[in-house]
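Notes for the one structure printed next.
The values are calculated or read from the model by the stated rules, or taken from the named source; none is laboratory data. What you are looking at is a predicted structure, and each value in this text was computed from that prediction instead of being measured. Here the Cβ positions follow ideal geometry from the backbone for every residue, glycine too, while neighbour counts run over all protein chains shown.
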Amino acid sequence: MKQSILQIVLDTPLDSSFDYRWQASDDNEPLPRVGQLVQLSFGRREVVGMIVSLSDESDVPAEKLKNVQAVRHQLPPLSAQWLALCRFAADYYQRPLGEVALPGLPKNLRALKPVALDRALKKLAQPGAVHDATPIDVAQLNPAQQQAADAIAGATGFAPTLLYGVTGSGKTEVYLQAAAQILAHGENGADNLSQILILVPEINLTPQLEGNIRARFPGVTVATLHSGLAEGERLRHWLAAHLGQARIILGTRLAVLASLPHLKLIVIDEEHDPSYKQQEGLRYSARDLAVWRAHQLSIPIVLGSATPSLETWHHAQSGRYKKLELRERAVKDAVLPKVRRIDMERDKPSEGLTSSLVSALKLRLERGEQSLLFLNRRGYAPVIACDACGWVSNCTRCTSFMVLHKPEHRLRCHHCSLELRIPKSCPTCGNIDLQPLGRGTQRLEEGLKAMFPEARVLRIDADSTRRKGSAQAAFDSVHNGEVDILIGTQMVAKGHDFKNLTLVGILNPDTALFSHDYRASERLFAQLMQVAGRAGRAAQKEGGSPSEVLIQTRYPQHPLYAAVIAHDYDHFATSLLEEREQACLPPYIYQALLRAEAKELETAIEFLQQAAHCIEHEGITMHDPIPMTMTRVANVDRAQLLIECPSRPGLQAFLTDWMAQLRQIKTRAKWSLEVDPVDI
DNA sequence: AGCACGCCGACT
DNA sequence: GTCGGCGTGCTC
């Protein structure tokens, strides 16, 4: 009877593996292998874990060792390379390996009753049967696109490439052409298989990309991986990837941790997009992990963007990444929209709209063209106030205002979801004249309807699209020409091409200019370019004028707007990078953030103070613990401690030691560490 | 994190 | 007398 010790990781915050004994149930049972799932009893419950190593002996006293209950032989084991990726992520982000490796697996695989994998597998194994292929015209690439695709597909070894090109310059066709070459190469190659991972910020916003891929590669199995999949679907798609049947895997950030045994190319579309950063649990950057993965496998990776992140820009400048640029719009005769600033000090707005913008809207209405007004603030007004005594609608549970939602007759806190009826009079002095201050999308909608009673106005924001499917219906009605003026928050900034849209008005961008967050201007630029890109994507009409983007601002002289007008990200990004270098900010320094939260702010701060003093920290800049800008959310007070180090390995080594110390501190505060934080 | 044990307060 | 509050301790 053969015996051995299995080291198992589990989805628990405990930072260690657990030894279990294994005994063959009969002579025919194969030996367990690293990367296989096992069912076992852990404490008083039954869970599924993963084998990370095999051994003949264990340091754990024999009486504590339990036997594993069953090894799941049905599933081919996860590869050593995949485990190495998880191990890297676990070490880098200071999390237990089990918390990285297990939660990403389909729930069905981790369930206590094993799924009948044989039937699942058979269904997937029929090549080409999964989806119809509707033939499309393969777009003719322009020389720059063709060159870029050839360079990407022809690269050998680890070859990170920034594909830099404005909205509409045809980055997608470059990805697909490169993918086609690599897939074709795989057909003739020795191992006869290639997989391509394409990451996108949000799959629901890019349905046309999925359609394009399926149409472009008829007969190729395409798997999609994102949080919107039902469990059954998730299992099918994950397995198709794991078993190598899916050749193209299209997914959101979580797909970067998928098992892809034949991965030959990674594409990250809109690489600057903030949604590549997971903001809870394991706070990883899918972009950074993807680059690591490409390096590990010695394969090319493409990062595409019109407004690359400064990290990526920095790598492109230094030559670590190759920069390929697409200068022209791919659609023939399409031109970049003309961007203008409207000085709000000279042209005073009424109902939030300057006369210049009103005239531009009128012109579009006369021509039967569509307009988009971008206002990144939902609700009617961000706060209501009493003129008589100075009362304002503070949230009782958060350090924030209750937002007036007029159609819903409610005050709402956008941080804790507390809802109240709108008070009829001031709660402190009884004054019945409470004033809404500021303007959100609902108030803008109201004003526009009064101003243009004949126009069809549609508001698209998180409130107007709460019901499932209503967002799609709203976008459809815009595409079908049933809307003259579209009002939207950042929801409308991405993904959608509106063919008849020739005016974009940007209403309240200035707040980001003076934000304490040093990344705010980088993000604002990206967002403005993205919104501006909604206009004029189709070829300019015969005799028509180019699309226009009007930015209402109190700071028309600000260099950010000058750069947007010139469509000049190069200089803007380069000057931002210089500022970062002067100020010793990322990417010239590496950061980690220790957060703590508790019922009392004191508790959180005290923990952070202990944390700051519990260890020697030579070479590390340890800042003072401070309450977070939004200190209280849902009756919990939050504070944070920033640490910095000029060397990444230096920071990593410190964090490992520090975490061990932190775990010893007795506190009632809940705390977590974030490496490479983006929202500080 | 779960889950159990354990020791004090207000309910049928 | 018991239900349940959350402090503490453990999981191979």
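Annotations
- Which numbered condition A:Tyr588 fails, given (1) surrounded by 18 or more Cβ atoms within 10 Å (Cβ to Cβ); (2) aromatic (Phe, Trp, Tyr); (3) modelled with pLDDT of 95 or more: (1)
- The requirement of being touching a Gly at 6+ places or on another chain (Cβ under 9 Å) and not basic (Lys, Arg) is not satisfied by A:Ser275.
- Checked against the criterion of being modelled with pLDDT under 95 and of a type outside the set (Gly, Ala, Ser), the candidates A:Leu40, A:Leu75 yield just one match: A:Leu75.
- Search result, residues across the stretch A:348-361 that are in contact (Cβ under 8 Å) with a residue 12 or more places away in the chain and out of contact with any helix residue (DSSP H, G or I) (no Cβ under 9 Å at 6 or more places or on another chain): A:Thr354, A:Ser356, A:Leu357, A:Ala360
- Residue count for the stretch A:601-616 satisfying the condition of being farther than 14 Å from A:Leu673 by Cβ and in a loop (DSSP other than H, G, I, E, B): 1.
- Close Cβ contacts (under 8 Å, 6 or more residues apart or on different chains) running from residues in the stretch A:620-634 that are closer than 14 Å to A:Thr603 by Cβ to residues that are in a loop (DSSP other than H, G, I, E, B) comprise A:Thr631/A:Thr399; A:Arg632/A:Arg397; A:Arg632/A:Cys398; A:Arg632/A:Thr399.
- Those residues of the stretch A:40-68 which are part of a loop (DSSP other than H, G, I, E, B) and within 16 Å of DNA strand B (Cβ to nearest atom), in sequence order: A:Gly43, A:Arg44, A:Lys66
- Scanning the stretch A:659-675 for residues that are within 12 Å of DNA strand B (Cβ to nearest atom) and closer than 22 Å to A:Lys277 by Cα gives A:Lys670, A:Trp671, A:Ser672.
- Some residue of the stretch A:54-67 being modelled with pLDDT of 95 or more and within 34 Å of the chain's Cα centre (by Cα): no
- Only one of A:His623, A:His617 that is closer than 30 Å to A:Leu310 by Cα and modelled with pLDDT under 95: A:His617
- Any pair with Cβ under 6 angstrom, 6 or more apart, that starts in the stretch A:43-67 at a residue that is touching a residue at least 60 places away in the same chain (Cβ under 8 Å) and ends at one that is more than 9 Å from DNA strand C (Cβ to nearest atom) and not in a loop (DSSP other than H, G, I, E, B): A:Val48/A:Leu37; A:Val48/A:Gln39; A:Val48/A:Arg110
- Test: A:Leu601 is modelled with pLDDT of 95 or more and either surrounded by 15 or more Cβ atoms within 10 Å (Cβ to Cβ) or farther than 29 Å from A:Thr307 by Cα (or both): no
- Some residue of the stretch A:8-31 being in contact with a Phe, Trp or Tyr (Cβ under 7 Å, 6 or more places away or on another chain), surrounded by 16 or more Cβ atoms within 10 Å (Cβ to Cβ), part of a strand (DSSP E or B) and not aromatic (Phe, Trp, Tyr): yes
- Yes/no for A:Ser58 being of a type in the set (S, T, N, Q), within 9 Å of DNA strand C (Cβ to nearest atom) and under 24 Å from A:Pro76 (Cβ atoms): no
- For the stretch A:203-239, filtered to residues that are in a strand (DSSP E or B) and touching an Asp or Glu at 6+ places or on another chain (Cβ under 9 Å), the residue that is surrounded by the most Cβ atoms within 10 Å (Cβ to Cβ) is A:Thr224.
- Top-ranked residue in the stretch A:639-658 [being surrounded by fewer than 16 Cβ atoms within 10 Å (Cβ to Cβ) and either free of Cβ contacts under 8 Å to residues at least 12 places away in the same chain or closer than 13 Å to A:Glu606 by Cα (or both); ranked as nearest to DNA strand B (Cβ to nearest atom)]: A:Ala653
- Strands (runs of 3 or more DSSP E) within the stretch A:360-456 that include 1 or more residues under 19 Å from A:Asn508 (Cβ atoms) and hydroxyl-bearing (Ser, Thr, Tyr): A:370-374
- 1 or more residues of a type in the set (Asp, Glu): qualifying strands (runs of 3 or more DSSP E) within the stretch A:485-586: A:548-553
Results for (1) over 17 Å from A:Arg456 (Cα atoms); (2) buried (at least 22 other Cβ atoms within 10 Å of the Cβ); (3) over 18 Å from the mean Cα position of the chain (by Cα); (4) modelled with pLDDT of 90 or more, shown as yes or no for each residue.
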residue: A:Asn480; (1), (2), (3), (4): no, no, yes, yes
residue: A:Thr489; (1), (2), (3), (4): yes, no, no, yes
residue: A:Gly505; (1), (2), (3), (4): no, yes, yes, yes
residue: A:Thr511; (1), (2), (3), (4): yes, no, yes, yes
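Yes/no per residue for (1) away from DNA strand C (no atom under 16 Å from the Cβ); (2) of a type in the set (A, V, I, L, M, F, W, C); (3) within 18 Å of A:His516 (Cα to Cα):
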position	(1), (2), (3)
A:Leu576	yes, yes, yes
A:Leu593	yes, yes, yes
A:Ile605	yes, yes, no
A:Leu608	yes, yes, no
A:Asp624	yes, no, yes
A:Cys645	yes, yes, no
A:Leu651	yes, yes, no
A:Trp658	yes, yes, no
A:Ile680	yes, yes, yes
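- Residue in the stretch A:92-99 that is within 16 Å of DNA strand C (Cβ to nearest atom) and farther than 29 Å from A:Leu260 by Cβ present: no
- Residues in the stretch A:1-45 that are in contact with a Pro (Cβ under 9 Å, 6 or more places away or on another chain), among the charged types (D, E, K, R) and away from DNA strand C (no atom under 13 Å from the Cβ): A:Arg33 alone.
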